[in-house]
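J.: Take this structure first; my questions come after.
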Amino acid sequence: MRIHHLNCGSLREIPPLDGAAPAPLAAVCHCLLVETDADGLVLVDTGLGTADRRDPEGRLGADWTAYARPSRDDGESALRQVARLGHDPREVRHVVLTHLHRDHTGGLPDFPRARVHLHPAEHRAVSDPAHPHHRHSLDRFVPAHRAHGPLLTPAVADPDERWFGFPGVARIPGLASELLLVPLPGHSAGHSGVAVRDEDGRWLLHAGDAYMFHGELERTPPLPHPAFAPVQEGAQTDAGARSATLERLRALRRDHGEQVTVVSAHDPWEYARHSS
């Protein structure tokens, strides 16, 4: 198994904080491409797609585009990056999503044959009109990203299965590789991290938007970034759950840092550590 870190969408520039860098960096859409022996290529999140870059306002929304300022560089799309790595994009057989917000689902139309896996709680929020967060969830899973009829497939959650103490872990039916969906609630109705175990037995946890700046995990007291804070507050479905998730992630890093590496979706300095 080989794991590639991809930036599938540069966003607005973020000023440095806590000595992270001497100059602003563009926020990223940090995705993973996992090369597996048994399951082909697996994408973890998809960032922004090729069509999003041609018509960002029409596909992503004028207000979101004005705030996020997404790059129109087609070369950043997962589709183009998979090809540059020497793969046929049709080999991407599975996409595993942390959640269904537009900056994580934009690449889905570029991989129309891939089966799209997500936590059952996130799937219920978009498929069940009676769900309390149904409208909120559909508003963020924009129509352009689901117009092709993606093969949304809920993983199978076991309330008794734990991953480093995190309950309600979901496994992906038919996937031989060790990829798990780990509930990290608060940011969306069924927000989850995606845990991948490499050949050396170490885990990489893509924590999605459970946090957006490394200072939230690495500093005591937690240091949120003022550029990301309004994004978190505007998107979250449960502030208390998001706060509890952050504390669990801090404990995971503190107690199991030798076994687990945690990354988030948008921190450009954190992404730079893993992409070089």
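The values are calculated or read from the model by the stated rules, or taken from the named source; none is laboratory data. Note that the structure is a prediction, hence the values are computed from the model and not measured. Cβ atoms come from the backbone with ideal geometry, glycine included; neighbour counts cover every protein chain shown. For accessibility, only protein heavy atoms count, side chains too; no ligands or nucleic acids. Shrake-Rupley method; radii C 1.70, N 1.55, O 1.52, S 1.80 Å.
J.: Suppose every K and R has +1 on its Cβ and every D and E has -1 on its Cβ; what is the size of the dipole of the chain about the Cα centre, in Debye to the nearest 20?
T.: My answer is approximately 380 debye.
J.: So for the pair residue 136, residue 74, with labels modelled 7 Å out along Cα→Cβ, what separation do we get in nm?
T.: So the two model labels end up 3.8 nm from each other.
J.: Check which residues have an amide H placed less than 5 Å from residue 151's amide H, if you skip close sequence neighbours.
T.: Sorted by chain and number, the residues that satisfy this are 116.
J.: Also, quick follow-up: If amide H atoms are built 1.01 Å from N in the plane of the peptide, which residues on other chains or at least 5 residues away come under 5 Å of the amide H of residue 166?
T.: Here nothing satisfies the definition.
J.: Still on this structure, please answer the following. For the chain, what is the accessible area per residue in Å², given a 1.4 Å probe and the full set of protein chains?
T.: Values: 11630 Å² over 276 residues.
On a per-residue basis, 42 Å².
J.: I would also like to ask the following. Quick one: if the Förster radius is 30 Å, what FRET efficiency do residue 83 and residue 160 give, using the C-beta to C-beta distance and rounding to 0.05?
T.: E between residue 83 and residue 160, to the nearest 0.05, is 0.10.
J.: Could I ask something else about it? Label residue 54 and residue 90 with points 7 Å out from Cα along Cα→Cβ: what is the distance between them in nm?
T.: Label-label distance for residue 54 and residue 90, simple model: 2.0 nm.
J.: Can you list the HN-Hα couplings for the range 197-204, worked out from phi with the Karplus curve (6.51, -1.76, 1.60; θ = phi - 60°), rounded to whole Hz and with x for Gly and Pro?
T.: 9, 8, 5, 8, x, 7, 9, 10
J.: Run the numbers for residue 223 and residue 176: contour at 0.36 nm per residue of separation, minus the present Cα-Cα distance, in nm.
T.: My answer for the length gained is 13.1 nm.
J.: Calculate one ³J(HN,Hα) per residue across the range 68-73 by plugging θ = phi - 60° into the Karplus curve 6.51 cos²θ - 1.76 cosθ + 1.60, and present them in order as whole Hz with x for glycine and proline.
T.: Couplings: 7, 6, x, 5, 9, 6 Hz.
J.: Zone of residue 239 (label point 7 Å along Cα→Cβ, backbone N under 19 Å): which residues in the range 165-201?
T.: 185-189
J.: Mind giving me the FRET efficiency for residue 63 and residue 37? R0 is 45 Å, r the Cβ-Cβ distance, nearest 0.05 is fine.
T.: The formula returns an efficiency of 0.55 here.
J.: In whole Å, largest first, what are the principal axis extents of the Cα atoms in the range 173-241?
T.: Its Cα atoms span 40, 26, 18 Å along the three principal axes.
J.: Nearest-5 percent of antiparallel DSSP beta bridges in the chain?
T.: 65
J.: On the principal axes of its Cα set, how long, how wide and how thick is the range 94-247? Give whole Å, largest value first.
T.: The principal-axis extents, from largest down, are 44, 38, 29 Å.
J.: Same structure again: Just to check I understand the Karplus step: with θ = phi - 60° and J = 6.51 cos²θ - 1.76 cosθ + 1.60, what whole-Hz values come out for the range 149-163, glycine and proline as x?
T.: x, x, 7, 5, 10, x, 5, 9, 8, 10, x, 9, 8, 10, 10
J.: Here's a follow-up. Above 33 angstrom, tally the Cα pairs of the chain and express them as a % of all pairs, no decimals.
T.: For the chain, the share of Cα pairs beyond 33 Å comes to 13 percent.
J.: Please report the relative contact order for the chain, taking Cα pairs under 8 Å with a sequence separation of at least 6, and give it as a percent rounded to a whole number. Mind showing how you got there, number by number?
T.: Values: 596 pairs, mean separation 46.9, N = 276.
Computed value for the chain: 17 percent relative contact order.
J.: Towards the positive end of the charge dipole of the range 91-239, with charges on Cβ (+1 Lys, Arg; -1 Asp, Glu), say which of 213, 108, 203 has the farthest Cα.
T.: Sorting the options by dipole projection puts first 108.
J.: Leaving out ligands, DNA and RNA, what percent of the accessible area of the chain is carbon and sulfur, probe 1.4 Å?
T.: Heavy-atom surface of the chain belonging to carbon and sulfur, 1.4 Å probe: 49 percent.
J.: Rounded to the nearest 500, what is the chain's calculated 222 nm mean residue ellipticity when only DSSP H runs of at least 4 contribute -39500 (n - 2.57) each, over all residues?
T.: Calculated at 222 nm, the ellipticity per residue is -7500 deg cm²/dmol.
J.: In the range 176-276, what percentage of the DSSP-assigned beta bridges are antiparallel, given to the nearest 5?
T.: So the antiparallel bridges in the range 176-276 amount to around 70 percent.
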